[in-house]
Structures are given as C-alpha cells and as structure tokens.
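Visitor: Provided herewith is a single structure, encoded as structure tokens, for subsequent inquiry.
A short reminder: the numbers here are calculations on the coordinates, not readings from a lab. Everything numeric here is computed off the predicted structure, so don't read it as measured data. We place every Cβ from the backbone using ideal geometry, glycine too, and count neighbours over all the protein chains shown.
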Amino acid sequence: MVRCPCTCNGYRAPAVAVDAIVENGDEILLIKRKKEPFKGAYALPGGFVECGESCENAVVREVEEETGLKVRIKELFGVYSEPSRDPRGHVISICYIVEVVGGSLKAGSDASDACFFNINDVKKIELAFDHSKIIEDYIRRCRRR
C-alpha cells in the first residue's frame, strides 16, 4: 500500500502537486532537480500546492520559483494520480500547459539548472517521477492538433 502523506478530517489523503509544460515553439522547459527524490534528474517544473492556494496559482508560483519565468496558463493538460508515481507517497499531480509572459530563465529554489529542450530530444532523457509519461501524452496530443 502506498503511504498517503496528508490527513483531512481524520482521513488519510493524497497530497496535491502541480506540473507545468512550458512551451517554446518545438521546445519544452525542464529543470534539473536539486533535492531528493530524483536529485540530479530532469523534471517538469512544479511542486506542491500550499494550503489556501489554488492549483492555478501554485503552478504559476512554482514555475517562477524554479525557473525565474513568469507564465500564464493556456490550458489544463491532465491529472496524474497513479498512487506509486512519487516515492514520498501518494501525490496527485495536476498538469497545465503554460506560456512565458516575462522573467529571465535561471535555475532557482529546487532546481540546479533550467533549460529548454527540443521535444524530440526529451524522449531520450531519463526523467523524474512519471514525467516521461506526461511528455509522451503531450507529444501524442500535439500531433493531433
């Protein structure tokens, strides 16, 4: 059984996180994780939703904290809820497609690096969590556009 990291009204409950697909033409943004789990691996920018914060505000905040970029949400992409997707416990991730509206790209907070990769090159990189699946889903959806 996967450990649920939170309790709500006496019930064990999954934690909620957000991830961002930051588009730039044929590229997407990845960060190199500074901390465990998956220290040194690449991942989509994102993190946990804070109490009292909306998921939409959380994804904008997390992208700016980790990359220095200001973004706006284009669309909700998907929800990833496989109980074993995060080794820390059951974490549900809500993923958004976002676009850059300002800021300067630089690694910050939980990231040791942040850079854009061609979408075809991303398939060759070992990614943290289930981010390979998220990006595969994104590539499939983009081909249908």
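Visitor: Taking the beta-carbon count within 10 Å as an exposure proxy, list VAL101, VAL18, VAL91 from fewest neighbours to most.
Guide: VAL101, VAL91, VAL18
Visitor: If I fit a long axis through the Cα atoms of helix 55-67 and take the longest principal axis of the Cα atoms of the chain, what angle between them do I get, 0 to 90°, rounded to 10?
Guide: So the helix axis and the longest Cα principal axis differ by about 60 degrees.
Visitor: Next question. Using modelled backbone amide H atoms (1.01 Å from N, in-plane), which distant-in-sequence or interchain residues come within less than 5 Å of ARG85's amide H?
Guide: VAL91
Visitor: With only alpha-carbon atoms counted, please give the Rg and Dmax of the chain, in Å.
Guide: Cα-based Rg and Dmax for the chain come out at 14.6, 46 Å.
Visitor: Relative to the longest principal Cα axis of the chain, at what angle does helix 131-144 sit, 0 to 90 degrees, rounded to 10?
Guide: 50 degrees
Visitor: With 10 angstrom as the radius, rank CYS8, CYS55, CYS142, CYS95 by how many other C-beta atoms surround their C-beta, starting from the fewest.
Guide: CYS8, CYS142, CYS55, CYS95
Visitor: Once you charge only the Cβ atoms, +1 for Lys and Arg and -1 for Asp and Glu, what is the size of the charge dipole of segment 91-144 about its Cα centre, to the nearest 20 debye?
Guide: I would put it at about 320 debye.
Visitor: Sort ASP130, ASP86, ASP26 so that the residue with the fewest other Cβ atoms within 10 Å of its own Cβ comes first and the one with the most comes last.
Guide: ASP26, ASP130, ASP86
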